[in-house]
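My questions all concern the structure below.
The values are calculated or read from the model by the stated rules, or taken from the named source; none is laboratory data. From a predicted model like this one, the values you see are computed outputs, not experimental measurements. In this analysis, Cβ positions are derived from the backbone assuming ideal geometry, glycine residues included, and neighbour counts consider all displayed protein chains.
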Amino acid sequence: MTKPKKKINYFLFIPPTIFFALAAMFYLGLQRENPGALPSALIGREVPNVNLTDLRTDPAPVDADFRASNVKLVNFWASWCGPCRAEAPLLERMAKEMGIPILGINYKDQPQQALAFLEELGDPFIKIGADSNGRNSIDWGVTGIPETFVVDENGIILFRYPGPITTSILNKRILPLLNGETE
């Protein structure tokens, strides 16, 4: 007597197939550079004026000269921001090892907590101002922190990156601009 052939229930393969398809889509989506980033209306325009007090000395005004002879970064950050903590070592490396001038704008933070943050993780900023009420951040169009802008020697915003800077973003987007290459 011959054994009856077992029927394969193909419906059992549907859930794992759907799972792997969704996992692949999520993985590919995460490989994109900040897919939810909003475009900045300030690209190609002069930087907004800043009205800040110096975080390091209480309360001297910060005279951020955005028209200096070199390209620089403007980084909005706060001590209570987890992603700011994650990008701090790279900012420190950019300033100390690569000589990239970074202006810091501390967003809605307590001065003593911001200074403790800098003492713990390093201070990469050539100047740093406190935006205690968030007004300057609004003028710059900041949607969340950390957020970094590349500004040329004429005070024109070349690039905006919302989120923590990674080595990939530094190499692909920021360094070419700092070296005079246009996007």
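Evaluate the following for residue 34: is it within 15 Å of the chain's Cα centre (by Cα) and at pLDDT below 75?
On the way: within 15 Å of the chain's Cα centre (by Cα): yes; at pLDDT below 75: yes.
The answer is yes for residue 34.
For residue 119, work out the one condition from (1) modelled with pLDDT under 90; (2) in a helix (DSSP H, G or I) it doesn't fulfil.
(1)
Out of the residues in region 117-135 meeting the condition of being touching a residue at least 40 places away in the same chain (Cβ under 8 Å) and more than 23 Å from residue 92 (Cβ to Cβ), tell me which one is surrounded by the fewest Cβ atoms within 10 Å (Cβ to Cβ).
Restricting to residues being touching a residue at least 40 places away in the same chain (Cβ under 8 Å) and more than 23 Å from residue 92 (Cβ to Cβ), the top hit is 135.
Here's another thing I want to ask about it. Six or more apart or on different chains, Cβ atoms under 8 Å: show the pairs whose first residue is in region 97-109 and more than 14 Å from residue 137 (Cβ to Cβ) and outside any strand (DSSP E or B) and whose second is among the small types (Gly, Ala, Ser) and at pLDDT below 90.
Pairs found: 101/68.
Let me ask another. Kindly list, by first and then second residue, each pair from a residue in region 158-176 that is over 12 Å from residue 75 (Cβ atoms) and hydroxyl-bearing (Ser, Thr, Tyr) to a residue that is surrounded by 19 or more Cβ atoms within 10 Å (Cβ to Cβ) and at pLDDT 90 or above, limited to pairs with Cβ atoms under 8 Å and residues at least 6 apart or on different chains.
Cβ pairs passing all conditions: 166/87.
Conditions first: (1) charged (D, E, K, R); (2) in contact with a Pro (Cβ under 9 Å, 6 or more places away or on another chain); (3) surrounded by fewer than 22 Cβ atoms within 10 Å (Cβ to Cβ). Residue 147 passes all but one, so which condition is the exception?
(3)
Only residues that are surrounded by 22 or more Cβ atoms within 10 Å (Cβ to Cβ) and without any contact (Cβ under 8 Å) to a residue 24 or more places away in the chain: list them for region 73-93, please.
none
So, one more: Considering 180, 163, 141, which residue is surrounded by fewer than 21 Cβ atoms within 10 Å (Cβ to Cβ) and under 21 Å from residue 86 (Cα atoms)?
On the way: 180 fails: under 21 Å from residue 86 (Cα atoms); 141 fails: under 21 Å from residue 86 (Cα atoms).
When all the criteria are applied, what remains is 163.
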